[in-house]
1. Helix-derived [θ] at 222 nm for the chain: sum -39500 (n - 2.57) over DSSP H runs of at least 4, divide by residue count, nearest 500?
2. Sort Thr404, Thr392, Thr192, Thr267 so that the residue with the fewest other Cβ atoms within 10 Å of its own Cβ comes first and the one with the most comes last.
3. Using a 10 Å cut-off around each Cβ, can you sort Ser531, Ser597 from fewest to most neighbouring Cβ atoms?
4. Which pairs, out of Lys137/Lys605; Lys75/Lys593; Lys347/Lys378; Lys252/Lys359; Lys124/Lys595, put more than 21 Å between their alpha-carbon atoms?
5. Can you grab the distance from the C-alpha centre of region 579-651 to the C-alpha centre of region 286-364, Å, no decimals?
6. For a quick check: with amide H placed at 1.01 Å from N, whose amide H comes under 5 Å from Met339's, ignoring anything fewer than 5 positions away on the same chain?
7. Cut-off is 10 Å between beta-carbons; in what order do His387, His292 appear when sorted fewest neighbours first?
8. Using the crude model of +1 on Lys and Arg Cβ and -1 on Asp and Glu Cβ, and no other charge, please compute the dipole size for the chain relative to its Cα centre, in debye to 20.
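Taken together, the values in this text are just the output of simple stated rules run on the coordinates, not laboratory data. Computed from a predicted structure; not experimentally measured. Please note: Cβ atoms are built from the backbone with ideal geometry, for glycine as well, and neighbour counts cover all protein chains shown.
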Amino acid sequence: MEPKRKRSICLYLLGFLSLNLLSATHARTGLSSEGAENKEAAIEVLRPAVNPDDWPLHGRTYAEDRHSPLEQINKENVRDLGLAWSYATGTKRGMEATPIVSDGVLYATGSWSIVYALEAATGKELWRFDPQVPKNKGRDACCDVVNRGVALSKGRVFVGTIDGRLIALNAKTGRPIWEVATTDPSRPYTITGAPRVIGDRVLIGNGGADLGVRGYVSAYNTNTGELEWRFYTVPASKNGPHEHAELEEAAKTWPGNALWESGLGGTVWDSMAYDPELDLLYVGTGNASIYHRESRSPGGGDNLYLSSILALRPQTGELVWHYQTTPGDQWDYTATQQMILVDREWKGQKRKLLFQAPKNGFFYVLDRETGELLSAEKYAHVSWASHVDMETGRPVEREEANWTDKEAVVAPHVFGAHSWHPMSFDDERGLVYMPNLALFYYFSPKKDFQYQNGLYQTGEDFAAMNDLGEEVEVLQNSVCSPSRLVAWNPESQSAAWEVRHDSPVGAGVLSTRGGLVFQGSSTGEFTAYDSDTGEKLWSDRAPVGIMAAPVSYRIGEDQYIAVVAGVGGAGGMNFAPKIDYVNAGQILAWKLKGKASMPEVQKRKPGQVQARRVEASPDLVDIGRGLYGEHCVRCHGPGAVSSGLLPDLRYSSQDVYDNWNGIVLGGMRGMDGMASFADALTLTESNAIRAYVSSRAHREPTVIDWVLQKVADSSICVPAEWATD
């Protein structure tokens with residue numbers, strides 16, 4: 001086998017997978033900021049007081065630096081940390097939330113958008129709110145039914161739900177005050193991000209670009225739930241009419257024959273930050289609905305405002321400036337990753353800075369007042385572009401990474417060199433502590449691509465990639481450390497130190513004034529590192545994997561470190577280490593000399609083939625192989641080999657096979673999250689997938705199956721440097 005073929009196949013195994021709406025007008029109303037006195041008054045209204053003992057906002061402050069000023073727990077005594085309490089969430093899917101802590105209460109979310117309010121000192125449940133999301137909505141979630149947290153303001157808790165609602169709850173009781181549908185329920189929108197509150201407005205975005213939606217961010221009145229403004233990130237047509245003036249400029253960067261029916265994407269599914277002095281809201285936008293550039297935007301174009309940082313007026317939604325990190329993106333390189341606002345000297349001049357490390361592998365430093373690009377250097381292995389031209393602010397793409405009409409092996413992976421997993425900034429040390437993923441991805445264009453509304457489709461040939469998973473040859477000595485914790489110096493644009501992990505699933509980061517950096521892992525290890533050197537100073541083992549970012553707070557005399565635990569998300573569904581336990585979600589908190597016992601979770605029995613072989617012709621099995629790649633692989637794994645978070649179909653019972661079409665087409669297990677695919681598959685096609693899965697279950701073990709299992713068990717990978725160089 002040729003080296004390139006080997007690289008492509010191994011890449012696949014490790015890297016795969018990864019409105020017209022409410023007819024709202026784009027209102028231009030809001031607070032006046034004319035005059036210095038009025039402006040200062042407005043700032044005081046919009047800037048909440050931040051008690052250092054609390055964690056009142058998603059990133060602790062509006063600047064989103066995720067650095068705690070508490071130092072009771074420090075380098076000298078961190079070895080004495082012990083579990084203070086644990087809380088079982090009752091869920092079994094991914095957990096990505098950052099807890100909010102205020103006045104002795106911890107608020108967090110779990111999978112399916114469930115909200116928990118706990119005593120922050122004990123973990124005792126005060127209330128729980130389940131928004132009763134229809135479980136078949138899980139089909140629209142590209143990357144698991146996760147939620148990244150709530151916002152808290154004036155006695156109200158705000159949460160976005162996976163089915164597109166924004167709900168205001170009474171912070172003391174958990175009872176709903178109001179709820180509003182923020183998305184069109186007929187489209188595959190989701191909400192996984194945390195809302196943000198600025199003054200009397202709550203901001204929320206949405207997800208769903210990979211299934212075909214149009215992105216936007218909305219502002220609602222915190223008291224009434226009334227929509228105040230909406231900013232669409234992409235136009236609905238070339239010539240309008242456009243909902244707001246900014247779309248007229250955006251439309252110039254799209255051709256007339258763009259794939260408008262796909263919604264184009266650009267969803268605001270995660271990051272926001274706010275500067276009250278400049279009165280600017282910073283919003284990150286996402287990828288296109290169709291990654292394949294020529295399919296969605298024939299002839300090219302920058303395709304604004306995909307993969308961009310937007311600076312908006314929070315009272316009106318008016319765009320002040322924008323910067324596009326990946327013009328004409330075709331690799332899922334979103335700019336929805338965390339933005340950190342820093343006031344710091346830069347090249348001898350005091351400036352207001354914005355840091356971002358988006359998926360594309362470049363670390364950006366912008367002047368957040370003007371949007372001027374100050375620096376953009378690689379923080380990971382990058383093969384899609386040689387550099388960013390500082391004169392134009394544009395990346396210089398490499399032809400080898402263009403997969404318009406050929407296969408391409410590209411770094412970073414579609415999961416990104418850094419994704420949603422939060423990073424932190426220690427101003428005293430001038431370091432950003434950042435989760436980093438060193439994987440690359442194999443792109444293969446789908447011939448004769450035809451857009452189908454509501455299906456997961458990016459223009460890639462998923463069926464071909466699934467086929468590669470069955471042809472793989474073992475590459476000896478191919479184990480590497482894809483996930484890393486990097487201490488990044490934005491001024492020198494270099495790493496001060498890094499720690500390499502074995503798992504390809506990242507985890508969020510917390511830094512503290514005690515000179516510590518805390519991070520979990522998908523293996524369940526929760527670790528404290530020395531902020532200056534990266535030395536491992538302490539660790540504990542959670543019973544389930546950890547992806548979310550920790551927080552720190554103080555109750556009385558005790559400082560706590562808390563995190564939600566439960567593996568999942570895009571990486572967890574496909575590339576977490578093979579889990580042999582029930583993925584029972586937990587909220588865990590540690591303090592000095594904590595004496596609580598770590599909770600135990602139920603172990604899984606090893607999978608065994610239970611059902612009779614389905615007799616089918618080789619032709620039908622081949623048809624099923626292709627259809628499995630198109631519709632099933634992103635949840636159930638390549639080659640029908642699952643990591644264990646979702647069912648490994650090889651071990652399906654005879655009852656599952658007997659009721660296969662009732663499940664796949666009839667939605668019999670919709671309440672378990674397995675929605676009907678009757679809109680996408682015929683009866684014959686469903687039977688073909690059934691035959692293929694059975695063939696995989698009854699296949700005599702080969703070296704190929706060994707590799708597939710190893711991928712699920714221990715995440716075999718190869719160095720990112722093997723990508724196009």
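1. Working: 12 runs with 106 residues, N = 725.
That comes out to -4000 deg cm²/dmol.
2. On the way: Thr404 14, Thr392 9, Thr192 29, Thr267 32.
By the 10 Å Cβ count, ascending, the order reads Thr392, Thr404, Thr192, Thr267.
3. Ser597, Ser531
4. Details: Lys137/Lys605 29 Å; Lys75/Lys593 15 Å; Lys347/Lys378 19 Å; Lys252/Lys359 26 Å; Lys124/Lys595 16 Å.
From the list (Lys137/Lys605; Lys75/Lys593; Lys347/Lys378; Lys252/Lys359; Lys124/Lys595), the Cα-Cα distance tops 21 Å for Lys137/Lys605; Lys252/Lys359.
5. A separation of 35 Å, based on Cα centres.
6. For Met339, the qualifying residues are Met272.
7. Details: His387 12, His292 22.
The order, fewest Cβ neighbours first, is His387, His292.
8. Details: 71 positive and 90 negative charges, 326 e Å.
I would put it at about 1560 debye.
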